[in-house]
1. Sort 28-35, 308-315, 4-11 for me by packing, meaning the mean count of neighbouring Cβ atoms within 10 Å per residue, highest on top.
2. If you find the alpha carbon centre of segment 19-69 and of segment 97-124, how far apart are they in angstrom?
3. For the chain, set up a GNM with springs between Cα atoms under 10 Å and report which of Ser59, Ser273, Ser264 has the largest fluctuation.
4. Helix by helix, which DSSP H runs in the chain go 30 Å or more along their axis at the Cα atoms and have an average Kyte-Doolittle hydropathy of 0.0 or more?
5. What number does segment 1-60 give for Rg over Rh if you use C-alpha atoms and the Kirkwood radius?
6. Rounding to the nearest 20 debye, state how big the charge dipole of segment 73-202 is about its Cα centre with +1 on each Lys and Arg Cβ and -1 on each Asp and Glu Cβ.
7. Can you give the translational diffusion coefficient of segment 105-189 in µm²/s, computed by Stokes-Einstein from the Kirkwood radius over Cα pairs at 10 °C and 1.306 mPa s?
8. Rank Tyr132, Phe206, Gln148 by how far each Cα sits towards the positive end of the charge dipole of the chain (+1 on Lys, Arg Cβ; -1 on Asp, Glu Cβ) and give me just the farthest.
Amino acid sequence: MKFQNAVNIEDLRKIARKRLPKFVFSYVDGGSEDERTLSGNLDALARWRFKPRTLIDVSARDTAATVMGAPARMPVIVGPTGLNGLSWRNGDLEMAQASAIMGVPFAASTVCMSLLEDVREQAGGELMFQAYVFNERRITDALIQRAQDAGFGTLIITSDFPVAGKRERDFRSGMLPKQQFPLSTKLNILMHPRWVASVATNKPRFVNVERELGPGHDVNNFVGHGMFDPSLCWDDLKRFRDRWPGNLLLKGVLRADDAQRAVSIGVDGVVLSNHGGRQLDSAISGLDALPEVAAAIAGKASIIVDGGVRRGSDIAKAIALGAQAVILGRAPVYGLAAGGREGALKALEILQEELDTTLALTGCRSIGDLSPDLLVKVE
Ligand SMILES: Cc1cc2nc3c(=O)[nH]c(=O)nc-3n(C[C@H](O)[C@H](O)[C@H](O)COP(=O)(O)O)c2cc1C
């Protein structure tokens, strides 16, 4: 199937699985340990069912929303997902371009593979920067400064990665711990000549981190399994708040008390997230945390949810339960892997059309009409 003919995100996932070497697809698709949280994210969304309003004139509808103060075509943020350059040549840039064309914000990961400055110049649109905090703090500080200088409006601090989750698919493929591939992975790579010619020959690297490390350092040795600072704590969040003038989001919150603490430090929003089931396995889903967090901080800060969003109706559910926006992780990456910028755009178009359909079928004309009474939880 061509990506142009994809009808839903699962179609794009299937195309991505064919196009990518197994080690890359497993990295994108997989989660940690038994992948309970990975599948739990999908289950959490499926448990909510609509009680639609009927006989409402829905002839004029609009999926537009405001995301962290900026207008967006729909209430979503694309990314942050690291290593997009493995899914498509210059993948981060193409993903940012697709986001800008669709009119939704793009969040560049610390471990993205395009320069932040190039993303600003060649994609534009509403940009966010996601910071991981390295053991070597000066690298993180320098990256944040560059994001600020390049006009990124929002800083996302990811807090659910004190150590890496145990991603067993990556250990099996040889991607972890140190990209030493067994023969089976090497043979599988050779069975994907189009990927080798387009992506591998381009030598995707962590170009932003590399620039800060300076000459004489191998970035692949630096960006490894134990690279992030496990001592990251609330005092650090205060420090980021003091130094970052734009919007600040804390990503990786799953409890109302943590959300309240973040708000008391002055964050502009929290992202309820389990990192797409890639970190703590058996963690609850962001959606499960949403009602409790909304009760605690609604009106004081934005609430963003992620995990398992594969349908426009999933976006509608999160918004109806009190989120201002959702983060899309894998859905646009499947599109990117299936067809580059156009494939990522296809993923966003599919979701936007499904969201529009969901609005109509639930008796809503706008995102603002989505409310908790439209949903019921089935066990
Ligand atoms: C391939 C991949 C790479 C990711 N890289 C990052 C990252 O660099 N920083 C981060 O904060 N989250 C990262 N995440 C987590 C996503 O931002 C998001 O929380 C998660 O993917 C949402 O779940 P979903 O993929 O089911 O939509 C990554 C997720 C995936 C799938």
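Every read-out reported here was derived from the displayed coordinates using simple, explicitly stated rules and does not represent laboratory data. The model shown is predicted, which means the values in this text are computed figures rather than measured ones. Glycine gets a Cβ as well: all are built from the backbone with ideal geometry, and neighbour counts include every protein chain shown.
1. Values: 28-35: 19.5, 308-315: 24.9, 4-11: 15.2.
So the peptides 28-35, 308-315, 4-11, ranked by packing, come out 308-315, 28-35, 4-11.
2. Value for the Cα centre distance between the two parts: 22 Å.
3. Ser59
4. Details: long enough: 330-361 (31 Å, 0.20).
What comes out of the filter, once short or polar helices are dropped, is 330-361.
5. Working: Rg = 17.2 Å, Rh = 14.8 Å.
Here the Rg-to-Rh quotient is 1.16.
6. Details: 13 positive and 12 negative charges, 117 e Å.
With only Lys, Arg, Asp and Glu charged at Cβ, the dipole is about 560 debye.
7. On the way: Rh = 14.9 Å.
Calculated translational D: 107 µm²/s.
8. Of the listed residues, the answer is Phe206.
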